[in-house]
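Taking it in order: structure first as structure tokens, then the write-up.
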Number of protein chains: 2
Amino acid sequence: MRIGELAARAGTSTDTIRFYEKVGLVAGRRLPNGYRDFPPETVEWLHYVRTAQLLGFSLAEIARTGEQLRDAPDTAAALSALFREKIAVIDARMAELAALRDDLTARADTGCPLRPASPEGNTGPRRATVSSSPGRP
Amino acid sequence: MRIGELAARAGTSTDTIRFYEKVGLVAGRRLPNGYRDFPPETVEWLHYVRTAQLLGFSLAEIARTGEQLRDAPDTAAALSALFREKIAVIDARMAELAALRDDLTARADTGCPLRPASPEGNTGPRRATVSSSPGRP
DNA sequence: CTAAACCCTGGAGTACGCTCCAAGGTCAAG
DNA sequence: CTTGACCTTGGAGCGTACTCCAGGGTTTAG
């Protein structure tokens, strides 16, 4: 399929797809007239890209995944391993989220700080309240 | 506390903190000599900023949260509400992650697409395979 | 007094992820 | 053969979030 249709199906712009091609996120052959021609599964791939991006993965990271997918031997085992690896990354992200959630929950329950404090009572001593300024070399 | 100590405690750089001040993410008074002086809870706040950022919130969004916090009446209720709101966002993110995870799991189990496919069988018809190109005005 | 560590400002530069544009080629329909 | 939708390239520009630097002031220790 050509770039316009791919863009429409993936809910993005032709400009974005050309940009993605430039950074190695999608690849297609060329028709005799020079037009790009993408395989249909690129639509799925672009949906995946969008999602992964929203979840905080950079285009570079996603492109790396794509390469791994391309390079992986056709065995189901290799693919499964790759996916499991990605799942592990996702689990790590989820753990981070869970940690923040716990933190916020705790604050919501107690009185929590985080606020600039209404009355200003603390100007602080002029020098080193904390002794942890190592002085960088 | 001055900017250097704040940076060290928050695990960031003085440059970043000055930048954050410029965009309204942190605020501090000035000492007579012109040095910035931040209240101690700014450390906590910066930790929150870092985490929220990792979760995909922009600095502008986070700054808005900060304003809401400042404007909120002193009631712990307002804070709790704000945090609960954030928690809801986090839960949504986690659900998305879980969905992506399931998707990957399914692909790992089955044969999945997403890959460019070895043999190229589909060049596609020359014009509009899909009728969803509205043609923009 | 000097050196070192800290602070200030303003502005330039960087990386990422697009987005827009100009100038021009291709193709099917009228 | 013309029109118009579609495609090509290359390059400029933009918003976000820093990052670095030059040039200079302040404070304390030796």
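The values are calculated or read from the model by the stated rules, or taken from the named source; none is laboratory data. Quick caveat, the model's predicted, so the values are computed rather than measured. Using ideal geometry, Cβ is built from the backbone for each residue, glycine included, and neighbour counts are taken over all protein chains shown. Note: accessible area is taken over every heavy atom of the protein model, side chains too, but ligands, DNA and RNA are not part of it. Shrake-Rupley method; radii C 1.70, N 1.55, O 1.52, S 1.80 Å.
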Residue within region B:36-48 that is within 9 Å of DNA strand C (Cβ to nearest atom) and part of a loop (DSSP other than H, G, I, E, B) present: no
Whichever residue in region B:14-40 is within 20 Å of the chain's Cα centre (by Cα) and open to solvent by less than 50 Å² (accessible area, probe 1.4 Å) and, among such residues, is nearest to the other protein chains (Cβ to nearest Cβ): B:Val26
Conditions (1) more than 10 Å from every other protein chain (Cβ to nearest Cβ); (2) modelled with pLDDT of 90 or more; (3) open to solvent by 70 Å² or more (accessible area, probe 1.4 Å); number of the one not met by A:Arg2: (1)
Region B:20-33, residues that are within 10 Å of DNA strand C (Cβ to nearest atom) and touching a Ser or Thr at 6+ places or on another chain (Cβ under 9 Å): B:Gly28, B:Leu31
Cβ pairs under 8 Å, 6+ apart, first in region B:25-47 and of a type in the set (Phe, Trp, Tyr), second within 14 Å of DNA strand C (Cβ to nearest atom) and assigned to a loop (DSSP other than H, G, I, E, B): B:Tyr35/B:Arg2; B:Phe38/B:Met1; B:Phe38/B:Arg2; B:Phe38/B:Val26; B:Phe38/B:Gly28; B:Trp45/B:Val26
Matching residues in region A:54-68 - criterion: being modelled with pLDDT of 90 or more and either outside any helix (DSSP H, G or I) or more than 15 Å from A:Arg18 (Cα to Cα) (or both): A:Ser58, A:Ala60, A:Glu61, A:Ile62, A:Arg64
Failed criterion for A:Pro73 (all others in (1) modelled with pLDDT under 85; (2) open to solvent by 80 Å² or more (accessible area, probe 1.4 Å) hold): (2)
Test result for B:Ala72, within 21 Å of A:Ala95 (Cα to Cα) and either hydrophobic (A, V, I, L, M, F, W, C) or within 12 Å of DNA strand D (Cβ to nearest atom) (or both): no
